[in-house]
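Down below is the structure, laid out as structure tokens.
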Amino acid sequence: MSEYRVLDSEIIHRGWCYDLTAETVAMPGGGTARREYFDHCGAVVCVPLDEEGRVGLIRQYRVPAKELLWEFPAGLRDVAGEHPADAARRELAEEVDLQADELVELGEFYTTPGISNERILYYLATGLSPVPEADRHERTDEEAAIELVWWDLDKALAAVADGEIRNGVCALALNLTRLHLERR
């Protein structure tokens, strides 16, 4: 790593959850390269697992993909000082009106390290119960139409292989969940 040095860094564009940054980096053996990437605030994913071993998936419209995608409750780490597990609990409550007795960290991964430094922390949520009606979050925009659908884990994993689930973050979360459950 010491052979790579950032020589220059410039923010090209400031966005709502990322900045487009350009850096000039010294390469091993000489020479430099300029690379542009999304400097992202990070995110969390929360996999709700019910007492029957089913996972709770949602369908959400994603503007860049121009389609409804199956995914898990997830969101940005955009609250200053918020612990990632608290962000996962917040997203679970905001998107599907659930709270969890227990959160287990499943891992932390880069989504697209060739163009972004976005890291997502994955959590498994168990001991689920509904958020009291008075404490529920009012969903707007793409989140307004979110509906929670409970899937058998094997069916969801098969849907990844069959192309029905095409969100890579969701596919990884399903596999991390399976690995965690097999190791218990």
**Q.** the range 69-86 residues that are more than 20 Å from Val55 (Cα to Cα), paired with ones that are open to solvent by 70 Å² or more (accessible area, probe 1.4 Å) (beta carbon under 7 Å, 6 or more apart)
**A.** Pro84/Arg77
Q: May I ask you to verify whether Leu103 is open to solvent by less than 50 Å² (accessible area, probe 1.4 Å) and either touching a His at 6+ places or on another chain (Cβ under 9 Å) or not aromatic (Phe, Trp, Tyr) (or both)?
A: yes
Q: Please work out which residue is farthest from the chain's Cα centre (by Cα), limiting yourself to the range 128-156 and to residues that are among the β-branched types (Val, Ile, Thr) and over 20 Å from Cys170 (Cβ atoms).
A: Val131
Q: Could you please let me know if Ala93 is under 18 Å from Asn175 (Cβ atoms), touching a residue at least 24 places away in the same chain (Cβ under 8 Å) and of a type outside the set (Ser, Thr, Tyr)?
A: no
Q | Boolean, Ala93 is in contact with a strand residue (DSSP E or B) (Cβ under 8 Å, 6 or more places away or on another chain), part of a helix (DSSP H, G or I) and more than 13 Å from Gly42 (Cβ to Cβ) | A | yes
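Residue-by-condition table, conditions (1) more than 21 Å from Ala85 (Cβ to Cβ); (2) in contact with a Gly (Cβ under 7 Å, 6 or more places away or on another chain); (3) without any contact (Cβ under 8 Å) to a residue 12 or more places away in the chain:
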| residue | (1), (2), (3) |
| --- | --- |
| Glu142 | yes, no, no |
| Trp151 | yes, no, no |
| Ala161 | yes, no, yes |
| Ala173 | no, no, no |
(Q) Given (1) farther than 14 Å from Val96 by Cβ; (2) under 19 Å from the mean Cα position of the chain (by Cα); (3) touching a residue at least 60 places away in the same chain (Cβ under 8 Å), identify the lone condition not met by Leu181. (A) (2)
Q | the range 115-130, residues that are free of Cβ contacts under 8 Å to residues at least 40 places away in the same chain and open to solvent by less than 80 Å² (accessible area, probe 1.4 Å) | A | Gly127, Ser129
**Q.** Failed criterion for Leu7 (all others in (1) more than 15 Å from the chain's Cα centre (by Cα); (2) of a type in the set (A, V, I, L, M); (3) within 25 Å of Leu157 (Cβ to Cβ); (4) open to solvent by 20 Å² or more (accessible area, probe 1.4 Å) hold)
**A.** (3)
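The values are calculated or read from the model by the stated rules, or taken from the named source; none is laboratory data. Predicted, not measured: the structure shown is a model, and the values here were computed from it. All Cβ positions, glycine included, derive from the backbone under ideal geometry; neighbour counts span all protein chains shown. Accessible surface areas use protein heavy atoms only, side chains included; no ligands, DNA or RNA. Shrake-Rupley method; radii C 1.70, N 1.55, O 1.52, S 1.80 Å.
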